[in-house]
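Read through the structure below, which is laid out as structure tokens, and then see the notes.
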Amino acid sequence: MLGLSTAGLVQRLRVAGLAWLRSPRGCSLGLARATGAPPLGDWRSPAPSEPRGRPLSLSAAAVVSSAPRPLQPYLRLMRLDKPIGTWLLYLPCTWSIGLAAEPGCFPDWHMLALFGTGAILMRGAGCTINDMWDRDYDKKVTRTACRPIAAGDISTFQSFVFLGGQLTLALGVLLCLNYYSIALGAASLLLVVTYPLMKRITYWPQLALGLTFNWGTLLGWSAIKGSCDPSVCLPLYFSGVMWTLVYDTIYAHQDKKDDAVIGLKSTALLFREKTKQWLSGFSVAMLGALSLVGVNTGQTAPYYTALGAVGAHLAYQIYTVDIHRPDDCWYKFTSNRTVGIIIFLGIVFGNLWKEKRTDETNIQKKVVE
């Protein structure tokens, strides 16, 4: 009796299995197994206790993807899904704000937050202007063909309106600063508007980007001090420009083939196989200028230790980058956020060290007296 029941159960399971394999889902799994390919997905229904939907992620790309669909093209237009550009715009501002702090004090956190907000808005405005200028070129480059304006997700009129909104908010941030800084910040708008055109007329658009992206080294100092000190601000600005030439030349090697076909220019196309020699020269100039900044501001051991770490990072970056592999160029490019953070931390701890050194000097004077 038990044997008959077992045989009947096996037969029923076999029939059910064959029926399932004839279904679309079953055919997919069966075909995958027959060909040795991985199955298209787990056929089992999730248990009631298993969470459904996309896993929670705090990455910038995930945040943009989870935003309402009508908003996503605008967020991608201002590159919120790729925040590395915002970091590279913001970090030079933090350097000058940190250097302008009083000895023994942390940087002004209010100013750091204000400039962070401004960096997000101005980087977004710059990307919008860039994509408006380059919409016809972007369609011809594989990496940029999906940008919102080039792909037709946002019209030219909509991008103009969006640009106006970003610049209005950025103006609100700028008006929180002193009059000198307001005038200085307004002067940078010419660079922001004209930079995207440089790749059409010169092999040095990366230099134009450096002049634009490092304006914050002047603005951060003036926001704290009320004016610019040339002995500090000019070498700091120069160091930032040299740094931009390093990372943006590496970035440009991603698109050099497409750029050559459509007639755009870059330092990647200018330097070609001599890129690493040029990048080494820019790095030495950057570190030399930062050393001069340290001397002129009375910096201490933590600052120069940070410069040593930055030198090692840049040397490794330049030595190992494969300029013929776009993915490696992107990885090396994004690693420059670490460079900027190391310099900022060196400035902060170097400034705090000043107070310690001053206290020790005062104690020694009292002992001698």
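For the range 64-83, give me the residue count where each residue is of a type in the set (A, V, I, L, M) and either over 17 Å from the mean Cα position of the chain (by Cα) or buried (at least 23 other Cβ atoms within 10 Å of the Cβ) (or both).
First pass over the range 64-83, keeping only residues of a type in the set (A, V, I, L, M): 64, 67, 71, 75, 77-78, 80.
After this cut, where a residue has to be either over 17 Å from the mean Cα position of the chain (by Cα) or buried (at least 23 other Cβ atoms within 10 Å of the Cβ) (or both) as well, the list is 67, 71, 77-78.
Count: 4.
Any residue that is within 20 Å of Arg76 (Cβ to Cβ) and β-branched (Val, Ile, Thr) - is there at least one of those in the range 162-184?
Here is the first cut: in the range 162-184, the residues within 20 Å of Arg76 (Cβ to Cβ) are 162-167, 169-170.
If we keep only those that are β-branched (Val, Ile, Thr) as well, we get none.
No, the range 162-184 contains no residue that is within 20 Å of Arg76 (Cβ to Cβ) and β-branched (Val, Ile, Thr).
Go through the range 242-269 and report how many residues are of a type in the set (A, V, I, L, M) and touching a Ser or Thr at 6+ places or on another chain (Cβ under 9 Å). Give the derivation first.
To start, the set of residues in the range 242-269 that are of a type in the set (A, V, I, L, M) comprises 242, 245-246, 250, 252, 260-262, 264, 268-269.
If we keep only those that are touching a Ser or Thr at 6+ places or on another chain (Cβ under 9 Å) too, we end up with 242, 245-246, 250, 252, 268.
Result for the range 242-269: 6.
Take residues that are under 13 Å from Ser96 (Cβ atoms) and tell me which of the helices (runs of 4 or more DSSP H) falling wholly in the range 204-267 contain 2 or more. Spell out the reasoning first.
Working: elements: 205-213, 216-225, 230-252, 256-262.
Qualifying helices (runs of 4 or more DSSP H): 216-225, 230-252.
Just one of Ile84, Ile129, Ile149 is in contact with a Pro (Cβ under 7 Å, 6 or more places away or on another chain), under 27 Å from Thr334 (Cβ atoms) and either in contact (Cβ under 8 Å) with a residue 60 or more places away in the chain or not hydrophobic (A, V, I, L, M, F, W, C) (or both); which is it?
Numbers: Ile84 fails: in contact with a Pro (Cβ under 7 Å, 6 or more places away or on another chain); Ile149 fails: in contact with a Pro (Cβ under 7 Å, 6 or more places away or on another chain).
Criteria check complete, one pass: Ile129.
Please go through the range 135-166 and pick out each residue that is under 20 Å from Met122 (Cα atoms) and surrounded by fewer than 19 Cβ atoms within 10 Å (Cβ to Cβ).
Just the residues of the range 135-166 that are under 20 Å from Met122 (Cα atoms), to begin with: 135, 147-149, 154, 156-166.
Selection gives Thr156, Phe157, Gln158, Phe160, Val161, Gly164, Gly165.
Tally the residues that are touching a Ser or Thr at 6+ places or on another chain (Cβ under 9 Å), without any contact (Cβ under 8 Å) to a residue 60 or more places away in the chain and surrounded by 21 or more Cβ atoms within 10 Å (Cβ to Cβ), restricting the search to the range 276-293.
Here the count works out to 4.
When the residues of the range 346-355 are filtered to those that are surrounded by fewer than 23 Cβ atoms within 10 Å (Cβ to Cβ) and out of contact with any helix residue (DSSP H, G or I) (no Cβ under 6 Å at 6 or more places or on another chain), which remaining residue is modelled with the lowest pLDDT? So that I can check it myself, show each step before the final result.
Let us first name the residues in the range 346-355 that are surrounded by fewer than 23 Cβ atoms within 10 Å (Cβ to Cβ), namely 348-349, 352-355.
Filter once more, so that each one left must be out of contact with any helix residue (DSSP H, G or I) (no Cβ under 6 Å at 6 or more places or on another chain): 352, 354-355.
Details: Leu352: 94, Lys354: 87, Glu355: 73.
Per the criteria, the residue is Glu355.
Taking the range 126-159 as the region of interest, how many residues are of a type outside the set (D, E, K, R) and part of a helix (DSSP H, G or I)? Walk me through it before giving the result.
The first filter runs over the range 126-159 and keeps only residues of a type outside the set (D, E, K, R), leaving 126-130, 132-133, 137, 141-142, 144-146, 148-152, 154-159.
Among the residues that remain, those that are also part of a helix (DSSP H, G or I) are: 126-130, 132-133, 137, 148-151, 156-159.
Number satisfying all stated conditions: 16.
I'd like the full set of residues that are touching a residue at least 60 places away in the same chain (Cβ under 8 Å) and either assigned to a helix (DSSP H, G or I) or under 29 Å from Ala301 (Cβ atoms) (or both), limited to the range 318-342.
Of all residues in the range 318-342, those touching a residue at least 60 places away in the same chain (Cβ under 8 Å) come to 318, 321, 323-324, 326, 329-330, 332-334, 336-337, 339-341.
Result: Ile318, Pro326, Cys329, Trp330, Lys332, Phe333, Thr334, Asn336, Arg337, Val339, Gly340, Ile341.
Somewhere in the range 66-76, is a residue touching a Gly at 6+ places or on another chain (Cβ under 7 Å) and modelled with pLDDT of 90 or more?
Residues of the range 66-76 touching a Gly at 6+ places or on another chain (Cβ under 7 Å): none.
Scanning the range 66-76 turns up no residue that is touching a Gly at 6+ places or on another chain (Cβ under 7 Å) and modelled with pLDDT of 90 or more.
Of the numbered conditions (1) over 26 Å from Thr275 (Cα atoms); (2) surrounded by fewer than 23 Cβ atoms within 10 Å (Cβ to Cβ), Leu218 satisfies every one except a single condition; which is it?
Of everything listed in (1) over 26 Å from Thr275 (Cα atoms); (2) surrounded by fewer than 23 Cβ atoms within 10 Å (Cβ to Cβ), Leu218 misses just condition (2).
For the range 105-117, indicate whether the set of residues that are touching a Lys or Arg at 6+ places or on another chain (Cβ under 8 Å) and either of a type outside the set (S, T, N, Q) or closer than 15 Å to Leu167 by Cα (or both) is non-empty.
Residues of the range 105-117 that are touching a Lys or Arg at 6+ places or on another chain (Cβ under 8 Å), as a first pass: none.
Within the range 105-117 (the criterion being touching a Lys or Arg at 6+ places or on another chain (Cβ under 8 Å) and either of a type outside the set (S, T, N, Q) or closer than 15 Å to Leu167 by Cα (or both)), the answer is no, since none of the residues qualifies.
From the set of residues in the range 84-125 that are in a loop (DSSP other than H, G, I, E, B) and surrounded by fewer than 20 Cβ atoms within 10 Å (Cβ to Cβ), which is nearest to the chain's Cα centre (by Cα)?
Asp108
Out of (1) assigned to a helix (DSSP H, G or I); (2) farther than 13 Å from Trp95 by Cα, the odd one out for Gly294 is which?
(2)
Only residues that are surrounded by fewer than 16 Cβ atoms within 10 Å (Cβ to Cβ), among the hydrophobic types (A, V, I, L, M, F, W, C), over 21 Å from the mean Cα position of the chain (by Cα) and not in a loop (DSSP other than H, G, I, E, B): list them for the range 172-201, please.
Listed by number, the residues that qualify are Ala183, Ala186, Ala187, Leu190, Leu197, Ile201.
Taking the range 201-228, which residues are without any contact (Cβ under 8 Å) to a residue 40 or more places away in the chain and either out of contact with any Ser or Thr (no Cβ under 9 Å at 6 or more places or on another chain) or over 17 Å from Ala289 (Cα atoms) (or both)?
Those that are without any contact (Cβ under 8 Å) to a residue 40 or more places away in the chain and either out of contact with any Ser or Thr (no Cβ under 9 Å at 6 or more places or on another chain) or over 17 Å from Ala289 (Cα atoms) (or both): Ala208, Leu209.
The values are calculated or read from the model by the stated rules, or taken from the named source; none is laboratory data. In this text the structure is predicted, and so the values were computed from the model without any measurement. Positions of Cβ are backbone-derived with ideal geometry, glycine not excepted, and every protein chain shown enters the neighbour counts.
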